[in-house]
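Please treat every number below as a calculation from the coordinates, not as lab data. This one's a predicted model, so the numbers in the text were calculated from it and none came from an experiment. Neighbour counts run over all protein chains shown; Cβ positions are idealised from the backbone, glycine included.
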Amino acid sequence: MERKQKKILILGVGEAQRNLIQASLNQGYYVIVCDLREDREGAKLANKYYKVDYMDRKAVLEIAQRENIDGVISNSEPAMLNVAYIAEQLGLPGNSMESIETLLSKGKFRELQKKVGVYSPKHYVASSFDELVQYANKINYPVIIKPTESSGTRGTEKFNFFDEKEWKRAYGICHSFSRNGLVTLEEYVEMRSLTVNDADVFVIGDEIIWDGWLWENRSKDMPMLPMTEVFPMALSKEKKDKIRDIVEKILRGSGVKLGEYNVETYDTLTDEIFVIEINPRQAGNHIPQLIEQHTGVDLTRLLVSTAVGDMSYYEHLKTYQRENNFVTLQVVFSKRDGIFERLYISPKIEGYVKWIDITVKQGDMVERGINAEQAVAYVDLLFPDYETQHLFTDRIEKYIYPILKNDF
């Protein structure tokens with residue numbers, strides 16, 4: 001008897017979804033996409049395209065029912081609640097809406113950390129600027145004001161003291177970025193170093209797969225922005241086990257059962273492990289592709305296959321011998337506003353470059369990096385060994401940077 005072709009619904013056709021669409025096609029699945037942007041490549045790649053707002057919960061559920069889908073996924077953070085909703089309504093592989101909401105909301109996430117007994121800074125969630133001001137004397141400085149539901153550090157700003165005019169400006173920006181209209185005031189947790197212990201982990205039932213460890217170095221000029229992604233993360237087993245234990249407590253406490261999750265942690269000045277956030281989606285900055293380059297494990301293939309109940313690749317990974325390649329991705333930001341001229345790559349490092357993605361054109365106006373989407377280029381490098389990798393990676397801003405007009 002002929003095997004039925006799996007049908008997968010993907011919410012969104014933008015850059016973040018393109019690899020999901022291609023991986024699904026590569027697996028032989030029938031791919032259905034929803035998005036208003038019919039000109040995007042993802043709309044053309046898919047087997048069927050619906051010109052529908054993927055945030056319209058009723059509309060996407062009707063499409064899922066009509067198409068009799070086997071699974072639903074997305075990499076769009078705002079869409080993850082709709083992914084969970086469809087999975088719940090149709091009894092498909094996935095997560096409850098409550099579990100995803102807990103991870104998406106910065107306020108609920110901090111409460112979950114307290115509940116499971118791991119480190120969490122003091123925080124308050126405000127629905128108005130006046131309410132935010134009421135908390136100004138109840139919290140230790142410095143503080144961060146940030147959108148309660150957003151991504152990519154959008155609007156996030158650090159303050160060392162209360163300044164009504166500046167706080168009002170920051171509140172307005174954060175309110176505009178926050179999907180639920182709420183703004184969070186939180187104690188700023190000082191980093192012991194500019195290195196974040198990052199990971200993309202995969203949850204399948206009670207099992208959590210840890211192939212996605214990496215270091216994420218940040219620039220001293222822009223400490224909130226992810227700048228240099230480094231594989232492998234050369235931490236001791238004891239330290240990794242400690243991070244793993246904390247993250248698994250949070251994930252199990254949230255109730256999630258399936259999917260890929262981006263985890264960011266760092267060490268505080270008092271040697272606590274601080275989990276900044278756990279996003280219920282794949283990481284940006286090409287992280288899934290870099291994990292495959294580093295280990296040979298294709299987490300995107302695992303994501304799309306398990307979403308439709310196909311466990312063949314998951315079973316394959318149980319005996320797969322991982323690689324250990326020395327991979328670095330440099331996310332290039334400008335340190336000032338100006339006109340982009342070109343990307344400088346030192347001759348000393350260009351032999352290790354595998355690919356370059358420049359997101360702006362010569363003559364474009366670029367801004368000083370504040371949010372993650374302001375990256376002007378991505379440079380992927382492959383090194384022969386750990387020593388060579390860190391010889392360059394630890395001072396990489398000397399070797400790769402944007403040249404703006406009048407910089408000569």
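Looking at the stretch 95-183, which trypsin sites (Lys or Arg not before Pro) are in a loop (DSSP not H, G, I, E or B) and have at most 11 other Cβ atoms within 10 Å?
Within the stretch 95-183, the qualifying trypsin sites (Lys or Arg not before Pro) (loop, at most 11 other Cβ atoms within 10 Å) are LYS138.
To check my understanding: the extent here is largest minus smallest coordinate of the Cα atoms along each principal axis. What are those three numbers for the stretch 179-319, in Å, largest first?
44, 36, 27
Amide H neighbours of THR148 under 5 Å, at least 5 residues apart or on other chains, H built in the peptide plane: list them.
Under 5 Å from the amide H of THR148: LEU182, VAL183, THR184.
At 0.36 nm per residue, and after removing the present C-alpha to C-alpha distance, how many nm does the segment from ASP245 to ASN47 gain when stretched out fully?
Gain on extension, ASP245 to ASN47, equals 67.1 nm.
Taking all pairs of distinct Cα atoms, average 1/r, flip it, and tell me the Kirkwood hydrodynamic radius of the stretch 316-378 in Å to one decimal place.
Evaluated on the stretch 316-378, it is 14.1 Å.
Given a Förster distance of 41 Å, report the FRET efficiency between TYR386 and LYS114 from their Cβ-Cβ distance, rounded to the nearest 0.05.
Result of the calculation: an efficiency of 0.60.
Dividing the convex hull volume of the Cα atoms of the chain by its residue count, what figure in Å³ per residue is obtained?
158
What length, rounded to one decimal in nm, is gained on full extension from ASP56 through to LYS220, with 0.36 nm per residue of separation minus their alpha-carbon distance?
Gain in length upon complete extension: 54.9 nm.
Using the beta-carbon distance between LEU25 and LYS168 and R0 = 45 Å, what value does 1/(1 + (r/R0)^6) give for FRET efficiency, to the nearest 0.05?
0.40
Under a Cβ-Cβ cut-off of 11 Å, what is the net charge of the residues other than THR359 that fall near it, where Lys and Arg count +1 and Asp and Glu count -1?
-3
Over the Cα atoms of the stretch 262-408, what is the Rg over Rh ratio if Rh follows Kirkwood?
My calculation of the ratio gives 1.03.
Where the only charges are on Cβ atoms (+1 Lys, Arg; -1 Asp, Glu), what is the dipole of the chain about its Cα centre, to the nearest 20 debye?
I would put it at about 360 debye.
For ASP211, which sequence-distant residues (separation of 5 or more, or a different chain) have an amide H within less than 5 Å of its own amide H, given hydrogens modelled in the peptide plane?
For ASP211, the qualifying residues are PHE202.
Viscosity 0.692 mPa s, temperature 37 °C: Stokes-Einstein D of the stretch 345-408 from its Kirkwood Cα radius, in µm² per second?
For these conditions, the coefficient is 247 µm²/s.
Determine the sum of side-chain charges near ALA307: Lys and Arg each +1, Asp and Glu each -1, restricted to other residues whose C-beta is under 13 angstrom from that of ALA307.
Around ALA307, the charge tally is +2.
Please compute the Kirkwood hydrodynamic radius over the stretch 77-220, one decimal place, Å, based on all pairs of different Cα atoms.
17.0
Taking the stretch 115-182, how much of its Cα-Cα pair set, in percent, is spaced more than 13 angstrom apart?
63
Could you tell me the largest-minus-smallest coordinate of the C-alpha atoms of the stretch 230-312 on each of the three principal axes, in descending order and whole angstroms?
The Cα atoms of the stretch 230-312 stretch 44, 30, 22 Å along their principal axes.
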